[in-house]
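Single-structure report; data block below.
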Amino acid sequence: MRSLFTAAAFAAIAVASPALAQDVPAETTADTGTVAEAPDGSPAFGIEPYIAIRGGWEQFDSEPNSAGIPGVSRNNELNGSLVEGLVGFNVPLGPVFVGAEGNVAKGLSGDIDWQYGAAGRFGVRAGDSGLIYGRVGYQWVNFEKRVPTNRDFNDVTYGAGFEVGPKDIGLGGITGNSGFRLRGEVSTFGDFHSFRPTLGIVTHF
């Protein structure tokens, strides 16, 4: 009887082992996929470099500020449209991310000549490929003729924005996980001395 029971037990183990061998890797793979991937299928951990181009507008207030920008008439505030290029990287950390970027902007009209700076970003990953973030950095601004000096004025800059990918705006299946995102942001120079909304396209690698 003991021998029969032992034989039956070994037979049961032998029959069950292939099924267990199939079930465990599948479960592990599913669990790994959930943990190791973002909703858009990209890795949850790593480095994501990107480039971006965007356009916007910046208007400075009329008061002199700590950056040295002189005061102007309230009816004649320093402002202008601009186009900007950015190079940076994100470090995804599961549901959140951190990153850094550099920017160079050229004024198209109005009083702004050049701008350049660097900033760090931090935020959360949302939807299939979206980001919601805050941004803190340092910015240099050079104006055209209305400011009687060719110096660059510099101060802290900070703001908030979003990025939304193809699936998040209903383009899934047309472009797929192409790496393109729409980016919108509002930022300011110094202690709320300017208002700077921008909109553009980001592509990541």
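Just one of (1) modelled with pLDDT under 95; (2) surrounded by 14 or more Cβ atoms within 10 Å (Cβ to Cβ) fails for Arg135. It is (1). Scanning segment 188-203 for residues that are crowded, with 19+ Cβ neighbours inside 10 Å and of a type in the set (A, V, I, L, M, F, W, C) yields Phe189, Val202.
Of all the numbered requirements in (1) open to solvent by less than 60 Å² (accessible area, probe 1.4 Å); (2) within 18 Å of the chain's Cα centre (by Cα), Phe89 misses one, and that requirement is (1). Would you check which residues across segment 40-60 are surrounded by 13 or more Cβ atoms within 10 Å (Cβ to Cβ), at pLDDT below 90 and more than 15 Å from the chain's Cα centre (by Cα) and list them? The answer is none; no residue qualifies.
If you check Gly94 against the conditions, is it surrounded by fewer than 17 Cβ atoms within 10 Å (Cβ to Cβ) and at pLDDT below 95? Against the criterion (surrounded by fewer than 17 Cβ atoms within 10 Å (Cβ to Cβ) and at pLDDT below 95), Gly94 qualifies. Within segment 155-187, being open to solvent by 50 Å² or more (accessible area, probe 1.4 Å), of a type outside the set (Ser, Thr, Tyr) and modelled with pLDDT of 90 or more holds for Val156, Ala160, Phe162, Leu182, Val186. Those strands (runs of 3 or more DSSP E) of segment 70-144 in which at least 2 residues are among the hydroxyl-bearing types (Ser, Thr, Tyr) and touching a residue at least 12 places away in the same chain (Cβ under 8 Å), considering only elements entirely within it, cover 130-143.
The values are calculated or read from the model by the stated rules, or taken from the named source; none is laboratory data. On a predicted model such as this, the values are computed, not experimentally measured, just so you know. All Cβ positions, even for glycine, are placed from backbone atoms using ideal geometry, and neighbour counts span all protein chains on display. For accessibility, only protein heavy atoms count, side chains too; no ligands or nucleic acids. Shrake-Rupley method; radii C 1.70, N 1.55, O 1.52, S 1.80 Å.
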